Amino acid sequence: MRIYYYMPFKPLGHPNPSGDLIIGSGLFAYLRRCGHQVTLAIRLRARWLYWKPWLWLRLLAEAARIVRQLRRAPPDIWLTYHSYYKAPDALGALCTLFCPTPYFIFQGVYSTKRRRHWKTRPGFLINRWVLSRAAAVFTNKRRDEINLRRVLAPDRVHYIAPGVDTARFRHDADARQQLRRAWSCQDLPVILTVAMFRPGVKTEGLQQTILACQALRRKGRVFRLVVCGEGASGPHLRALARRCLGDGALFPGKIPREEMYRYYSAADIFVFPGIHEGLGMVYLEAQACGLPVVAFDRWGASELVRDGHTGLLCSAARPQAIQEALEPLIQDDGLRRRLGAAARRHVCAHHDQDRNHRYFERLLRTTAGCKS
């Protein structure tokens with residue numbers, strides 16, 4: 001297939017990592033590996049475009065240019081990754097309006113609460129129009145699937161389970177031995193958390209993790225906390241960890257994603273509360289490497305972690321919940337191993353990236369009516 005591809009929220013190659021960027025970039029690479037002719041429409045970031053008049057001017061000029069290209073060499077489809085109130089795909093919707101091309105969205109989001117506030121209402125209205133233009137919308141979140149069916153016919157909404165590369169993210173015994181020796185914790189349970197040190201809910205989640213570990217330390221539990229990541233909140237988080245845990249917390253810095261399997265392999269438990277987390281690819285990565293997960297039972301973790309089977313989910317309404325979920329895992333090596341092994345099996349069975357991409361590619365081809 002000849003595909004025009006666009007990522008309006010975080011363009012391909014954006015310097016700030018996130019789950020959305022990982023998924024969108026992986027989808028682009030997979031379609032190319034399949035032999036499809038995938039053309040990147042543009043690297044224009046459309047975040048808050050409706051409050052940026054200069055961005056609208058550029059978008060309209062780029063739309064006119066792209067329409068001319070589409071008319072000279074019509075593609076089989078236009079595929080956009082991620083359209084929602086903050087970055088609605090006005091470009092793809094406009095281009096395919098003036099040059100009729102089957103228009104598809106992967107990760108469309110529809111949230112009616114965004115129409116209630118003056119700041120987000122324009123984005124809600126534009127995104128609702130964008131979604132209405134799509135021949136089909138694919139999503140990897142069950143709650144988004146439900147919301148999309150409120151505005152689109154059921155046969156235009158398709159769920160594709162999120163996935164990770166299970167060949168890359170798997171337990172590595174050598175890496176475990178090397179890192180644990182470097183951390184001087186060969187016999188101690190290691191709790192791992194991973195996030196961008198960004199002000200807001202990411203930092204709040206890391207703070208809650210550190211405070212939970214402090215409460216466990218006061219009860220006499222012995223372990224090591226490893227915090228991977230970097231960002232503006234780094235100095236604050238390091239100072240908090242020193243006050244709460246002394247030398248019991250390590251900060252290795254920002255680890256390249258292709259190296260993260262080594263850190264998951266060296267740990268025994270993965271914890272990240274996941275406050276307002278849209279999905280949370282780290283939950284899949286950790287489970288793929290055989291780690292039980294501790295997180296809140298709302299937001300993204302609830303779709304990826306099976307409570308009591310691959311990890312322990314707890315209530316965000318209770319401040320001590322993270323501590324209570326961590327404690328039995330710290331104390332019971334057998335429980336850690338059982339949940340970790342089940343976590344690996346769960347991800348391989350339901351969240352293998354290549355398998356889920358193949359399913360999406362077949363569904364996209366069928367929906368678009370393409371034979372090649």
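Rounded if a/c is under 1.5, else prolate if a/b is larger than b/c, else oblate: which is the stretch 247-336, with a ≥ b ≥ c the root eigenvalues of its Cα gyration tensor? Judged from the Cα gyration tensor, the stretch 247-336 comes out rounded (a/c under 1.5).
By how many nm would the segment from Ala173 to Glu361 grow when fully extended, if each residue of separation counts as 0.36 nm and the alpha-carbon distance is taken off?
Values: separation 188, 0.36 × 188 = 67.68 nm, distance 3.45 nm.
Roughly 64.2 nm would be gained on extension.
The modelled label-to-label distance for the pair Gln69/Thr112, using points 7 Å beyond Cα in the direction of Cβ, is 3.8 nm. Largest GNM mean-square fluctuation across Lys219, Lys202, Lys141, computed for the chain with C-alpha springs under 10 Å, falls on Lys219.
Mind giving me the FRET efficiency for Arg338 and Asn16? R0 is 51 Å, r the Cβ-Cβ distance, nearest 0.05 is fine. Spell out each step's value before the answer.
Working: r = 37 Å, r/R0 = 0.72.
With a Förster radius of 51 Å, E is 0.90.
The simple spin-label model puts a point 7 Å past each Cα toward its Cβ; for Lys119 and Ser184 those points are separated by 4.6 nm. Assuming a ≥ b ≥ c are the square roots of the Cα gyration tensor eigenvalues, decide whether the stretch 149-196 counts as rounded (a/c under 1.5), prolate (otherwise, with a/b larger than b/c) or oblate. Judged from the Cα gyration tensor, the stretch 149-196 comes out prolate (a/c at least 1.5, a/b above b/c). Applying a threshold of 23 Å to the alpha-carbon distances of Lys52/Lys141; Lys86/Lys202; Lys141/Lys254 flags Lys52/Lys141; Lys141/Lys254 as lying beyond it.
Taking a point 7 angstrom from the Cα of Glu230 along the C-beta vector, which residues in the stretch 178-216 have backbone N less than 17 Å away? Residues passing the 17 Å test: 194-199.
Subtracting the Cα-Cα distance of Phe98 and Arg345 from their residue separation scaled by 0.36 nm leaves 84.2 nm.
FYI, it's all coordinate maths here, none of it is from the lab. All values reported here derive from a predicted model rather than from experimental measurement. As a convention, Cβ positions derive from the backbone with ideal geometry for all residues, glycine included, and neighbour counts pool all protein chains shown.
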